[in-house]
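*Asks:* Can you keep this structure in mind? I'll have questions shortly.
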Amino acid sequence: MGDRTRLKANHLISLHDLSGEDFHGLLDLAARVKIAPSSFADALAGKSLGMIFEKSSTRTRVSFEVGMFQLGGQALFLSSRDIQLGRGEPISDTAKVLSRYVHGVMARTFAHQTVVELARHGSVPVINGLTDDLHPCQALADYFTLSEIFGGAGELKGRKIAYIGDGNNMAHSLMHGAPKVGMDIAVASPKGYQVRDSYLASAREDAAAAGTRVEVTDDPEAAASGASCVYTDVWASMGQEEEARERVRAFESFTVDGAIMARAESDAVFLHCLPAHRGEEVAAEVADGAQSRIFDQAENRLHAQKAIMIELIG
């Protein structure tokens with residue numbers, strides 16, 4: 001484990017901020033934590049993590065809370081209804097106060113700027129548990145899952161991941177992560193719902209340095225062609241419920257079904273960050289089929305996030 005933080009950044013806000021060495025180091029540590037959890041049982045003894053939630057959660061809350069317990073530390077659940085941040089206290093004040101109490105902060109928020117401001121004004125590591133822009137913890141767990149499936153992180157080089165659906169926070173973080181493991185990525189979204197230009201530019205910057213490709217298209221079959229992994233997410237994320245009916249119409253040809261999976265490689269797997277709406281973004285026979293690894297992927301949130309916490313807080 002070492003006696004200092006390996007990550008060059010003091011926070012985990014975006015995978016774009018990590019070097020390839022940082023990324024592979026986290027994947028390696030996640031593997032070691034998963035194989036021998038008892039070896040890390042005291043890694044965060046006496047440490048505490050403040051967990052700010054503006055959005056509801058299953059996997060994020062449970063994996064961080066259980067992860068801190070298994071590492072010997074303590075996690076505190078702080079909903080926006082329970083702390084003064086929800087009553088208009090400046091983010092800078094909340095960050096400074098929490099820094100006097102806890103050893104790290106994980107925040108799951110709507111506005112990305114909230115996490116940025118927590119990191120800017122606090123004096124402890126901040127982990128982005130999800131914002132409307134990025135979901136780095138999920139993407140790290142996803143690439144860890146793929147490394148397990150295909151025989152190691154080094155075996156991902158030259159492979160392709162296809163993301164089919166809304167150009168949302170998952171698409172952005174998957175684009176940032178793919179070059180770190182030497183993968184190409186193709187993102188297929190309907191026009192008007194494609195990834196944000198700024199995140200596409202930063203992902204292509206990473207890809208240029210790694211010698212990989214980032215493609216954006218409105219053709220889901222073209223994206224899936226030759227892919228080792230086909231990935232999707234819900235069409236309407238939290239905060240977009242009023243757009244749900246309109247989005248169903250826009251995305252009707254973007255369901256990941258057997259025909260889409262048939263365009264991928266014969267050993268391709270299906271991933272979804274969950275919750276999944278079977279019959280919308282994914283057909284039930286794919287979500288629950290032989291190629292699906294969605295529950296291995298969900299479990300790996302625990303191991304990947306334990307690695308993040310060890311590096312930043314330990």
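No lab work stands behind these numbers, since they all come straight from the coordinates. All of these numbers come straight from a predicted model, not from anything done at the bench. Cβ coordinates were reconstructed from backbone atoms using ideal geometry, including for glycine residues, and neighbour counts include every protein chain displayed.
*Asks:* Let me have the 222 nm mean residue ellipticity of the chain computed from DSSP H runs of 4+ only, each contributing -39500 (n - 2.57), with the sum over all residues rounded to the nearest 500. Display every interim value, and only then the final one.
*Replies:* Working: 12 runs with 128 residues, N = 314.
So the calculated ellipticity at 222 nm is -12000 deg cm²/dmol.
*Asks:* For segment 247-314, what ratio Rg/Rh do Cα atoms give with a Kirkwood hydrodynamic radius?
*Replies:* Values: Rg = 15.3 Å, Rh = 13.7 Å.
Looking at segment 247-314, the ratio lands at 1.12.
*Asks:* Below 8 Å, C-alpha to C-alpha, sequence gap of six or more: please give me the relative contact order for segment 10-121 in percent.
*Replies:* Values: 120 pairs, mean separation 33.8, N = 112.
Taking the mean separation of contacting Cα pairs over the length of segment 10-121, I get 30 percent.
*Asks:* Here's a follow-up. Report, in listed order, any pair from Lys47/Lys157; Lys55/Lys157; Lys34/Lys160 with a Cα-Cα distance greater than 29 Å.
*Replies:* Lys47/Lys157; Lys55/Lys157
*Asks:* How large is the convex hull of the C-alpha atoms of segment 17-107 per residue, in Å³?
*Replies:* 118
*Asks:* Using modelled amide H (1.01 Å from N, peptide plane; none on Pro or chain starts), what sits under 5 Å from the amide H of Val282, excluding residues fewer than 5 places away?
*Replies:* So Val282 has HN proximity to Val256, His277.
*Asks:* Using alpha carbons only, how many degrees (0 to 90, rounded to 10) separate the axis of helix 59-70 from the longest principal axis of the chain?
*Replies:* 40
*Asks:* A further question on this structure: Less than 20 Å apart at the alpha-carbon level, and either on another chain or at least 8 residues along: which aspartates and glutamates does that give for Lys306?
*Replies:* Asp3, Asp17, Glu21, Asp22, Asp28, Asp42, Glu65, Asp142, Glu148, Asp296
*Asks:* Which angle from 0 to 90°, rounded to the nearest 10, does the C-alpha axis of helix 136-149 make with the longest principal axis of the chain?
*Replies:* 60
*Asks:* Additional query: What does the charge dipole of segment 138-297 about its Cα centre add up to, to the nearest 20 debye, if the Cβ of each Lys and Arg holds +1 and the Cβ of each Asp and Glu holds -1? Mind dumping the intermediate values first?
*Replies:* Numbers: 14 positive and 26 negative charges, 79 e Å.
So the magnitude is around 380 debye.
*Asks:* Taking the Cα centre of segment 99-185 as origin, sum charge times position over the Cβ atoms of Lys and Arg (+1) and Asp and Glu (-1), and report the length of that vector in debye to the nearest 20. Walk me through the numbers on the way to the answer.
*Replies:* Details: 7 positive and 8 negative charges, 49 e Å.
Once rounded to the nearest 20, the dipole reads 240 debye.
*Asks:* Using the Karplus curve 6.51 cos²θ - 1.76 cosθ + 1.60 with θ = phi - 60°, what ³J(HN,Hα) values do you get for each residue of segment 114-129, in whole Hz, with x for Gly and Pro?
*Replies:* Listing the rounded values in order: 4, 5, 4, 5, 4, 5, 5, 9, x, 10, 10, x, 10, 10, 7, x Hz.
*Asks:* Roughly how big is segment 201-275's charge dipole about its Cα centre, with Cβ charges of +1 (Lys, Arg) and -1 (Asp, Glu), in debye to the nearest 20? Working shown, then result.
*Replies:* Numbers: 6 positive and 15 negative charges, 19 e Å.
In total the dipole reaches around 80 debye.
*Asks:* Now for a separate question. With only alpha-carbon atoms counted, please give the Rg and Dmax of the chain, in Å.
*Replies:* Values for the chain (Cα only, Rg and Dmax): 18.7, 54 Å.
*Asks:* Normalise the Debye intensity by I(0) for segment 138-297, one equal point scatterer per Cα, no solvent, then take log10 at q = 0.10, 0.13, 0.17 Å⁻¹ and round to two decimals.
*Replies:* Per q value, in the given order, log10 I(q)/I(0) is -0.30, -0.53, -0.93.
*Asks:* Estimate the FRET efficiency between Val97 and Ala244 by the formula 1/(1 + (r/R0)^6), using the beta-carbon distance for r and 51 Å for R0, to the nearest 0.05.
*Replies:* Values: r = 37 Å, r/R0 = 0.73.
The value I calculate is 0.85.
*Asks:* For a quick check: with amide H placed at 1.01 Å from N, whose amide H comes under 5 Å from Asp219's, ignoring anything fewer than 5 positions away on the same chain?
*Replies:* So Asp219 has HN proximity to Ser189.
*Asks:* Obtain the nm distance between the two label points defined at Arg81 and Ala111 by a simple spin-label model: each point lies 7 Å from its Cα along the Cα-to-C-beta direction.
*Replies:* 2.2
*Asks:* Relative contact order (percent) for segment 166-233, with alpha-carbon contacts under 8 angstrom and 6 or more residues of separation?
*Replies:* Working: 86 pairs, mean separation 26.4, N = 68.
Averaging sequence separation for qualifying contacts and normalising by length gives 39 percent for segment 166-233.
*Asks:* Could I ask something else about it? With each label point set 7 Å from Cα along the Cα-Cβ vector, what nm distance links Asp296 and Ala208?
*Replies:* That separation, rounded to one decimal, is 3.6 nm.
*Asks:* So, one more: Long-range amide H contacts for Ser48: which residues qualify at under 5 Å (H placed 1.01 Å from N, peptide plane, sequence gap of 5 or more or a different chain)?
*Replies:* Answer set, sorted by chain and number: Gln74, His103, Gly104.
*Asks:* Related question: What is the gain in length, in nm to one decimal, between Glu89 and Glu221 on full extension, counting 0.36 nm per residue of separation less the C-alpha to C-alpha distance?
*Replies:* Fully extending the segment from Glu89 to Glu221 adds 42.7 nm.
*Asks:* If you find the alpha carbon centre of segment 265-288 and of segment 203-234, how far apart are they in angstrom?
*Replies:* Cα centroid of segment 265-288 versus Cα centroid of segment 203-234: 17 Å apart.
*Asks:* Sticking with this structure for a sec: Just want to confirm a number: the relative contact order over segment 212-314, from Cα pairs under 8 angstrom separated by 6+ residues, in percent. Walk me through the numbers before you get to the answer.
*Replies:* Working: 112 pairs, mean separation 30.1, N = 103.
Result for segment 212-314 is 29 percent.
*Asks:* Name the residue, out of Ala244, Ala41, Ala227, whose mean-square fluctuation peaks in a Gaussian network model built on the chain with Cα pairs under 10 Å.
*Replies:* Sorting by GNM fluctuation, first place goes to Ala244.
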